[in-house]
1. Residue 50 passes all but one of (1) farther than 23 Å from residue 147 by Cα; (2) modelled with pLDDT under 95; (3) surrounded by 13 or more Cβ atoms within 10 Å (Cβ to Cβ); which number fails?
2. Which number in (1) in a helix (DSSP H, G or I); (2) in contact with a helix residue (DSSP H, G or I) (Cβ under 9 Å, 6 or more places away or on another chain); (3) under 30 Å from residue 223 (Cβ atoms) marks the one condition that residue 18 misses?
3. Can we say residue 93 is modelled with pLDDT of 95 or more, in a helix (DSSP H, G or I) and touching a helix residue (DSSP H, G or I) at 6+ places or on another chain (Cβ under 6 Å)?
4. Check residue 34 against each of (1) surrounded by fewer than 21 Cβ atoms within 10 Å (Cβ to Cβ); (2) over 21 Å from the mean Cα position of the chain (by Cα); (3) part of a helix (DSSP H, G or I); (4) touching a residue at least 24 places away in the same chain (Cβ under 8 Å) and name the one condition it does not meet.
5. For the condition in the same structural domain as residue 97 (by TED's automatic domain parsing) and modelled with pLDDT under 95, what is the one hit in 29, 38?
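The values are calculated or read from the model by the stated rules, or taken from the named source; none is laboratory data. This is a predicted model, so every value here is computed, not measured. Positions of Cβ are generated from backbone atoms using ideal geometry, with glycine treated the same way; all protein chains shown enter the neighbour counts.
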């Protein structure tokens with residue numbers, strides 16, 4: 001399948017690390033967490049222990065800052081001696097609160113790109129994670145008025161995209177999904193028959209990593225504004 005701009009009527013955007021910075025703040029939180037485990041585990045091992053806990057908890061807690069915080073607490077309780085673990089919980093809760101309260105920083109060219117596409121295409125944002133946290137970031141971004149539809153889901157699966165397209169009244173081939181994750185944004189959308197644009201992120205989450213195919217069946221862009229060259 002090759003990209004065809006002529007078919008596109010609906011453009012759907014991922015949020016975290018597509019519209020605004022996100023993952024780099026999780027890496028900073030991981031570094032703070034690793035320092036709490038110093039003396040028991042080296043930083044790399046502390047981060048790996050946390051990641052394995054996150055993976056084990058995904059089905060129960062889902063994605064987002066709250067799930068991340070619970071996984072930090074669980075990891076600390078597992079790794080640290082009892083007294084130190086209990087002391088660490090207070091700091092971990094503060095790390096989680098700081099992550100949630102972090103200001104929303106739009107990526108370069110995002111607002112200008114959306115403003116130029118608005119009115120010419122039906123624009124949607126589809127993001128996964130904690131409902132309250134994602135709603136907060138969307139509100140603080142100031143971008144909500146530029147979207148015709150906002151969808152927050154627990155996970156991005158082909159069925160989630162199919163449900164979105166039904167809600168929009170869109171044929172899959174009329175929809176373009178734009179995001180920074182091959183695992184969550186690109187391949188599940190392609191599986192439904194939609195098109196996709198891949199915007200690689202310099203700071204990605206290990207869970208979302210996938211190897212790019214030699215001949216990708218999607219459009220690869222370096223910045224969101226690159227969409228303007230193909231859609232306008």
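1. If we test residue 50 against (1) farther than 23 Å from residue 147 by Cα; (2) modelled with pLDDT under 95; (3) surrounded by 13 or more Cβ atoms within 10 Å (Cβ to Cβ), just (2) comes out false.
2. (1)
3. No; evaluated as a whole, the condition is false for this residue.
4. All conditions are met except number (4).
5. Selected residue: 38, the only one of 29, 38 that is in the same structural domain as residue 97 (by TED's automatic domain parsing) and modelled with pLDDT under 95.
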